[in-house]
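J.: The structure under discussion is supplied below as structure tokens; questions concerning it will follow.
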Amino acid sequence: KKDAQKMKTIYSILEKTSKLFPDKFALQFKDRRYTYQQIKEKSDLVKSCLIENTDLQDSICLMMENSDNWLFTYFGILGAGCICNPLDLKASEENIFKQVDFLKPKLVIVSQRFYHKALRIGLDKISNILIIEDILKVTSLKEGSLEKQDQERDLTDAKYSTVMFTSGTTGSQKAIRVENEVVYQATNNIVEYLKIRYCDIYYAILPFSHSFGLGNVHVTFKQGGTVIIADNTINLKKVLQEISNYRASFFCATPYTLKLITNNFLTDFIKAGDSLRIICTNTGPMDPEVTKTIITNLKKTLFFTYYGLTEASRSTFHCFNLYPEKLGSVGKPAPNVKINILDDQDAPVNQGEVGEILIKGNHVVSGYYGDEELNKKIFTDGWMRTGDMGKLDVDGFLYVLGRFDDLITLAGERVSLSEIDKVIQQLNFVADVGCIDIGTDPDKKILAQVVLGEEVPAQIDPETEILAHCRKSLEIFKVPKKIRIVDSVPRTDSGKLKRKELRPNGN
């Protein structure tokens, strides 16, 4: 029983792979390279420290940049049977404090780089702070450290692996304790659909603090592949050059990043495509023209998207190459996943009709941490209500049309703000956009907040061009009344628009 349970944890993935392929090149960050055996040894140094200083299923916050040490800490936490809460470094200091204060973790583990920030935020007033560089140095120098690495803790009752906070696109963040079983099954689903291989090399630019980025590490390690951690994710030209240099075969990015790459570095992208077997993006609005450019120019590469939430990672998959006529879809349910569409009376809609998306599967979490009232509304009879609206076509492909919160009434008609976002994003000189409604009926109107790309043609007026494009592509009542040029629009690490933050006073 214990062995069966143990094999359903993410830590068991590292255990198994380090036994099967101990000397295989598994990880690189900057000039530091590790085999699977070396990764396990480093992780077990952290594990030994935690076994001495924690109890089973204690929460531990992890606050550091993507790095080799991030992964050693993560696997060490799971190996000790504790629960890891990866903190989002892009979150406001106020939000970081609120998350840590909510969890009251046994420890906060930081990198040297973020130690003073942790003190400034006041995390030391909530919990003890440890620096990962000190843990690795002190533990490895202890007399008898090799024996100490062999310390084990029975993980049979280690039900939870991580605490993740939802992206907060519609308001306050919600804490989710993710079960080991759920993460393990989601990992299996991804491996099965994407056909991740032993020879795959994953080039990582996505933050490990989010399930999109971390899940790709899980699947790569499960199959015995190699992870290359980018040390500069801003310089996209360098990213593409390193993909080529390392002969990376697996690359994931948000729709926004892929649009920037395609519009500005297409030649480098095509060269990188010589080794890339898989590119994967997520649910954020993907411009069909960008998708066409990728599948047309990167002949050897399969381009996938997926639909998922923190609560139900990777629920559908879609290969654009196989179904180019369905570029607006997020695909069909992943293995062992069911999708249902219900109307506002909780009745199933007809094929092609729009309703709320519900998800069922062994990859869905059991609920939100500390909010039983909300759990009763969201999780019912094994189904999770997503709050997203969508439809299924005649072939069973899912189309995500935005959140119910994106629906507004304008001129007596129901309008999806996400639909207007997607139309404006079709313009090559638009880097990003977020639409909101302002005013009150009967004078309510649409305001489009637009981020321009680096190269706007000199002969055009962006605002005039955007409005003209909208008039061609949208019903007249959906056309924005005003265009505002801004430096950025707020998004989560996974690329989802935080529309609430665009509204006056956050309403």
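The values are calculated or read from the model by the stated rules, or taken from the named source; none is laboratory data. Source: prediction; values computed, not measured. Backbone-built Cβ (ideal geometry, glycine too); neighbour counts: all protein chains shown. Remember, those area values only see protein heavy atoms, side chains included, never the ligands or the DNA or RNA. Shrake-Rupley method; radii C 1.70, N 1.55, O 1.52, S 1.80 Å.
J.: Can you give the relative contact order of the chain as a percent, counting alpha carbon pairs under 8 Å and 6+ residues apart? Can you show the working numbers first?
T.: Values: 994 pairs, mean separation 54.2, N = 507.
About 11 percent, as a whole number.
J.: Can you tell me what the convex hull of the Cα atoms of the range 220-268 projects to on average, as an area in nm²?
T.: Numbers: hull surface 15.0 nm².
Directional mean of the projected Cα hull area for the range 220-268 stands at 3.8 nm².
J.: Can you list the aspartates and glutamates whose alpha carbon sits under 17 Å from that of K238, skipping same-chain ones fewer than 8 residues off?
T.: Cα-Cα hits under 17 Å: D31, D268, D274.
J.: Another question, if that's okay. How much accessible area does D395 have with a 1.4 Å probe, in Å² rounded to the nearest 10?
T.: Its heavy atoms expose roughly 80 Å² to the probe.
J.: Mind checking the per residue accessible area of the chain for me, 1.4 Å probe, whole number of Å²? Numbers along the way, then the final one.
T.: Details: 22050 Å² over 507 residues.
With the other protein chains kept in place, the chain gives 43 Å² per residue.
J.: Under the classification rounded if a/c is under 1.5, otherwise prolate if a/b is larger than b/c and oblate if not, where does the range 14-120 fall, given a ≥ b ≥ c as square roots of the Cα gyration tensor eigenvalues? Walk me through the numbers before you get to the answer.
T.: Numbers: a/c = 2.64, a/b = 1.54, b/c = 1.72.
Oblate.
J.: Using the Cα centre of the range 1-142 as origin and beta-carbon charges of +1 (Lys, Arg) and -1 (Asp, Glu), tell me which of L130, Q99, S48 is placed farthest towards the positive end of the dipole.
T.: The residue sitting most towards the positive pole is S48.
J.: State which entries of K90/K159; K174/K391; K174/K377; K47/K125; K377/K444 exceed 22 angstrom in Cα-Cα distance in the structure shown.
T.: In this structure, K90/K159; K174/K391; K47/K125; K377/K444 lie more than 22 Å apart at Cα.
J.: Calculate the length of the line joining the C-alpha centroid of the range 279-313 to that of the range 202-246, in whole Å.
T.: 16 Å
J.: Okay, next question. Would you work out what percent of the accessible area of the range 256-388, with all protein chains in place, is carbon or sulfur (probe 1.4 Å)?
T.: Numbers: 2780 of 5670 Å².
Taking all protein chains in place, the range 256-388 shows 49 percent carbon and sulfur surface.
J.: Tally the DSSP beta bridges in the chain and give the antiparallel ones as a percent, rounded to 5. Could the numbers behind the result be given before it?
T.: Values: 50 of 82 bridges.
Here the antiparallel bridges make up roughly 60 percent for the chain.
J.: Just from its helices, what would the mean residue ellipticity at 222 nm be for the chain, if runs of 4 or more DSSP H residues each count -39500 (n - 2.57) and the sum is divided by every residue, rounded to the nearest 500 deg cm²/dmol?
T.: Values: 18 runs with 175 residues, N = 507.
Helix-only estimate at 222 nm: -10000 deg cm²/dmol.
J.: Starting from one equal scatterer on each C-alpha and no solvent at all, send me the Debye-based log10 I(q)/I(0) for the range 191-242 at q = 0.14, 0.17, 0.25, 0.31 Å⁻¹, two decimals.
T.: Summing over Cα pairs of the range 191-242 leads to -0.37, -0.53, -0.97, -1.16.
J.: If a/c stays under 1.5 just call it rounded; otherwise compare a/b with b/c (prolate if a/b is bigger, oblate if not). Do that for the range 317-411, with a ≥ b ≥ c from the square roots of the Cα gyration tensor eigenvalues.
T.: oblate
J.: Next question, about the same structure. Between (i) 36, 29, 22; (ii) 41, 28, 19; (iii) 39, 26, 23, which entry matches semi-axes √(5λ) of the Cα gyration tensor in Å as derived from the coordinates of this structure?
T.: Recomputing semi-axes √(5λ) of the Cα gyration tensor in Å here picks out (iii).
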